[in-house]
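Read through the structure below, which is laid out as structure tokens, and then see the notes.
Every number here is computed from the coordinates shown, using simple stated rules; none is lab data. Predicted model only: the values in this text are computed from it and were never measured.
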Amino acid sequence: MSPDIYPGRPNGISPESVDGQTEILVVDDDLSILELLGTLLPLEGYKVALFSDSLEALEAALAKRPGIVISDVKMPRMNGYEFLKRLDENEFTRGTPFIFSTASGRKNERPERAGWVSKPYDLDRLLEAISRRLNGSIPL
């Protein structure tokens, strides 16, 4: 089966993977979270793009669609809900698998199509959430 073709993408390669690895875009204003996920997720076989600024993360996602996004809910310049809304407004990033990550907030506030993981992370639960979202189901 040939990969989906995305106009404007180099060689028509599916943006969800790079060199056979799923690319995870992580956006969080907590640098310790970025450092943690930037260390752990590649050990699990994922390619990771890390951003502390949600507007820069959005620009990167619109330029090259990630396989999945893990986003903090509360961020200074644009919160996670707005980030997801803007992804879904763009035809190339609409429907990108998305997981909210937060230490506060209520799970029932998330949009239905997004997953949810709580901080501090339980690595096994986070990896399960990523796997489930990539396979089209919503994490717990």
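Some notes on this structure:
- For the pair Asp29 and Lys74 in one chain, pulling the backbone fully straight at 0.36 nm per residue adds 15.4 nm over the alpha carbon distance.
- With kT/(6 pi eta Rh) evaluated at 20 °C and eta = 1.002 mPa s, and Rh the Kirkwood radius from Cα pairs, region 15-134 diffuses with a coefficient of 153 µm²/s according to Stokes-Einstein.
- Coupling constants for region 69-79 follow from the phi torsions by the Karplus curve (6.51 cos²θ - 1.76 cosθ + 1.60, θ = phi - 60°), and in residue order they are 10, 10, 10, 4, 7, 9, 9, x, 8, 7, 6 Hz; glycine and proline get x.
- The stretch between Leu62 and Thr39 holds 5.8 nm of extra length on full extension. This uses 0.36 nm per residue minus the Cα-Cα distance.
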